[in-house]
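**Q** My questions will all concern the structure given below.
The values are calculated or read from the model by the stated rules, or taken from the named source; none is laboratory data. Only a predicted model underlies this, so the values are computations on that prediction, with no experimental measurement involved. Because the Cβ atoms are built from the backbone with ideal geometry, glycine has one as well, and the counts that use them run over all protein chains shown. Areas reflect the complete protein model, heavy atoms only, side chains present, ligands, DNA and RNA absent. Shrake-Rupley method; radii C 1.70, N 1.55, O 1.52, S 1.80 Å.
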Amino acid sequence: MTTTQPRPTTRAPRPDDGIRQPRVISFSQKLSKWDLRFSPYLYISPFFIMFAIVGLFPIAYTAVISFMDWDLIRNEGEFIGFDQYIWILSQPHFWTALRNTFSIFLLSSVPQLVLAIFIAAVLDRNIRAKTFWRMAVLVPYVVAPIAVGLIFNAMFADQSGFINGILQSIGIGAIPWHVEPFWSHVAIATMVNYRWMGYNTLILLAAMQAVNRDFYEAATVDGAGPIRQFFSITLPSLKPTLIFVIITATIGGLQIFDEPRVFDQAGRGGSAQQWLTITLYLYDVGWGQWNFGRAAAMAWILFIIILLIGLLNLIITRTLVRDEGLRRELSKRQQREQAKQARRALKETQA
Amino acid sequence: MSTIGTTPTPLATVEEGIPNSAARRRGARTRRIRGSRPGFWTYAILGAVFLSAAFPLYWSFVIGSGDSTTLRKPFPWIPGGNFFENAASVITNPAVNFWPALWNSIYSSFLIAAAVVITSTLAGWAFAKLRFHGGPALLVFVVATMAVPQQLGVVPLYILFSDLGWTGQIGAIIIPALTSAFGVFWMTQYLRQAVPDELIEAARVDGASMIRTFWTVGMTAARPAAAMLFLFTFVGAWNNFFWPFIVLDRQNPTLPVALSLLQSNYFVDYSVVLAGVILATIPLLLLFIFAGKQLVSGIMAGAVKG
């Protein structure tokens, strides 16, 4: 706290020592107390005020609007209950969009993460010019998704595209990227993979570098090869990071909009909704058909789906990737077992 | 070089066979035992990754520097001479508004990144280093907000901004982006381990006010993390499409919105479209060349703690 005692002379002189005046004790103490008590709230207030205005209020208001038939001209709504939700769930387009979104999401996240882990493992070796390779991997991350979409849309062109040119020249034949739903999903997933793989690689690489190198030493002594080491040490140690990466990929992947939007000129998900996604459909309902009630209901449905999938991911990742690398730590069940035994032993000694 | 790793036995001799220089020994300490300098395949894989990252950009430059027939050729590999012509037709295209879009992207991204750095550092400092009632719970709340999808807010925000008469204004994309939950979390994590509590106590004992402590101790310590947060936010704001596409009108776009307009004609000349893509990507590529190291180490640092 503030002190009025003469300062100990052992302290190094400060440039402003000369101008500091003795202060009125009571007032400055009070000020300091207020300062101490209220400053933290003052510092976090910009975030919370802004979040209340542009985050919390819109979320709640979206829920309100989703129960309304919104009139754009009067700019107010009429309460109609769950009708908007029922309307959406009865649209075949919605189910197509849901299927497309999941298909694109799986086609983008699964190969992306597998490749990212693989490349991270390569980067984790004792390579020369580390920073150069890390930067090289990250280049696509700074390219705007719209730009990536336009580039790959031209590369995947059905008639004249580069990819079909290669496929034809090696005798496979052209693939109808803009006609067949599955192939359009592959093309769009490729754009997502292109942009995000390097980013995820670096995150996983960071987690790999944090793994204690003694584990590998011990494994080498035990005669485990690189592949065995990867599956028994590296992968289990990556678990928290993997969960983080998978959850972020889920949140981002289920919201996909930019890439399918520019996959053709019309931007409405293809002539037969081959690559219509939920967000694309939301945009079309909200700003194409100008029905805000339905768009709001769709936003809430999307949010619920994201929450559910995120939860599911968490459970799956937890069960699939076990903590094999950290054998010293006991599992929950073993801990409970030990605690029980200890209690029993304690009781016996007391009795 | 040593052959450790290919044979499992000589464990105790990591340093063996390595020339006796300080730099080498430092390398040996961080290296994994099975990894002496990796061989050809490692670099072949990395080279392939690098090529697949760079190729689409190079290819779009090839198309963007050709004429409208280039795309129809089976394998265009060599850039043509028409890049400036194509770029000029992007810039002069009245539907695209290239210069306003470029300027909008630059200053909105800059303002957003600066504001996010300031608000996040302030909040991160409070969460990391100041004890106050409800602090930990509020931090959990901040992190939880990261899971909320953008779509959940767009309808009311649009209504709000159209009530204010801000639709079509660049302010409508700046205001909602002034703070970031990720930024607060990032700064909290960083400041927690970067600033020892004793330093703050010392400043307080010396009679510094809270804000002065923040300014002299916190801001100084936060500088590296702030630089990374600035870069991240800048790239994110620059590339953002969904909300600007909704709320901005076509006369006053940002670069991604303007790019999407390039393709919305009935007849699309891809040499012009891809010249536009290259034009719009160059500023961020330049930024990446100068600050890519920071960005990389930022991602690496953030992930270790995350």
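**Q** Taking the Kirkwood radius as the inverse of the mean 1/r across Cα pairs, report the Rg/Rh of segment A:110-188.
**A** For segment A:110-188, the value is 1.08.
**Q** Find the accessible area per residue for segment B:111-252; the probe is 1.4 Å, ligands and nucleic acids are left out, and the unit is Å². Could the numbers behind the result be given before it?
**A** Values: 5530 Å² over 142 residues.
Using a 1.4 Å probe on heavy atoms only, each residue of segment B:111-252 averages 39 Å².
**Q** Determine the per residue accessible area of segment A:85-350 with all protein chains present and a 1.4 angstrom probe, expressed in square angstrom.
**A** Accessible area per residue, segment A:85-350: 45 Å².
**Q** Continuing with the same structure: Work out the mean other chain Cβ neighbour count within 10 Å for the residues of B:205-215 and drop it here as an integer.
**A** Mean shielding count: 4.
**Q** Right, next: If one takes the accessible area of chain A alone plus chain B alone and subtracts that of the pair, with a 1.4 Å probe, what total in Å², rounded to the nearest 100, results?
**A** Its buried surface, counting both partners, is about 9700 Å².
**Q** Give, to the nearest whole percent, the P(r) tail of segment A:207-317 beyond 24 angstrom, counting all Cα pairs. Before the final figure, lay out each step's value.
**A** Values: 3040 of 6105 pairs.
Distances greater than 24 Å cover 50 percent of the Cα pairs.
**Q** Among the chymotrypsin sites (Phe, Trp or Tyr not before Pro) within segment B:70-165, which fall in a DSSP loop and have no more than 16 other Cβ atoms within 10 Å of their own Cβ?
**A** B:77
**Q** Give the Rg (one decimal place) followed by the Dmax (whole number) of segment B:194-289, computed from C-alpha coordinates and expressed in Å.
**A** In Å, with Rg to one decimal and Dmax whole: 22.1, 71.
**Q** How many Å³ per residue does the convex hull of the Cα positions in segment B:199-241 occupy? Don't skip to the answer; put the middle values down first.
**A** Numbers: hull volume 2.7 nm³, N = 43.
Taking only Cα atoms, segment B:199-241 has a hull volume of 64 Å³ per residue.
**Q** Same structure, new question: Keeping the other protein chains in place, figure out the carbon and sulfur percent of the accessible area of chain A, with a 1.4 Å probe.
**A** 64 percent
**Q** Here's another thing I want to ask about it. Which of rounded, prolate or oblate describes segment A:41-115 when judged by the alpha-carbon gyration tensor and an a/c cut-off of 1.5?
**A** Details: a/c = 3.68, a/b = 1.12, b/c = 3.29.
Taking the square roots of the gyration eigenvalues as a ≥ b ≥ c, segment A:41-115 is oblate.
**Q** Under 1.5 on a/c is rounded, so check that first for segment B:111-252, then, if it is not, pick prolate when a/b is larger than b/c and oblate when it is not; a ≥ b ≥ c are the square roots of the alpha carbon gyration tensor eigenvalues.
**A** The shape class here is prolate.
**Q** Could you tell me the ratio Rg/Rh of chain A? Both radii from Cα atoms, Rh via Kirkwood.
**A** Computed over Cα atoms, the ratio is 1.12.
**Q** Here's something else I'd like to know. Run the numbers on segment A:286-308: which residues show a drop of 40 Å² or more in accessible area, chain on its own versus all protein chains together, using a 1.4 Å probe over heavy atoms?
**A** A:287, A:292, A:303
**Q** Let me ask something else. Please list, in chain and number order, the residues 5+ apart from residue A:68 or on another chain whose amide H is under 5 Å from its amide H, with Hs placed from the backbone.
**A** Hits under the 5 Å cutoff: A:80.
**Q** A further question on this structure: Based on C-alpha coordinates, I'd like the Rg and Dmax of the protein assembly as shown, in Å.
**A** Spelled out, the Cα radius of gyration and Dmax of the protein assembly as shown are 28.2, 95 Å.
**Q** While we're here: Across segment A:120-258, how large is the tail of the calculated P(r) beyond 27 Å, expressed as a percent of all Cα pairs?
**A** 41 percent
**Q** Please find the FRET efficiency linking residue A:76 to residue A:222, where r is the Cβ-Cβ separation and R0 is fixed at 56 Å, and quote it to the nearest 0.05.
**A** 0.20
**Q** If you plug each phi of segment A:46-58 into the Karplus form 6.51 cos²θ - 1.76 cosθ + 1.60 with θ = phi - 60°, what whole-Hz ³J(HN,Hα) values come out, in order, with x for Gly and Pro?
**A** Once rounded to whole Hz, the list reads x, 4, 6, 5, 5, 5, 4, 6, 9, x, 5, 4, x.
**Q** Out of segment A:49-158, which trypsin sites (Lys or Arg not before Pro) are coil in DSSP terms and have no more than 11 other C-beta atoms within 10 Å? Intermediate values should be presented prior to the final figure.
**A** Details: sites: A:74, A:99, A:125, A:128, A:130, A:134; in loops: A:74, A:125, A:128.
Those that pass, being in a loop and sparsely packed, are A:74, A:128.
**Q** While we're on this one: Skipping prolines and chain starts, which residues have an amide H placed within reach, meaning under 5 Å, of the one on residue A:77, given they are 5 or more residues away or on another chain?
**A** The list, which skips near neighbours in sequence, is A:71.
**Q** Another question, then. Assuming R0 = 35 Å, can you tell me the calculated FRET efficiency for the pair residue B:103 and residue B:68, based on Cβ-Cβ distance, to the nearest 0.05?
**A** So, using R0 = 35 Å, E works out to roughly 0.75.
**Q** Could I ask something else about it? List the residues of segment A:37-52 whose accessible area drops by at least 50 Å² when all protein chains are present, compared with their chain alone, using a 1.4 Å probe and counting only protein heavy atoms.
**A** A:40, A:41, A:43, A:44, A:47, A:48, A:50, A:51
**Q** Okay, next question. What are the principal axis extents of the Cα atoms in segment A:19-152, in Å, biggest first?
**A** 74, 66, 24
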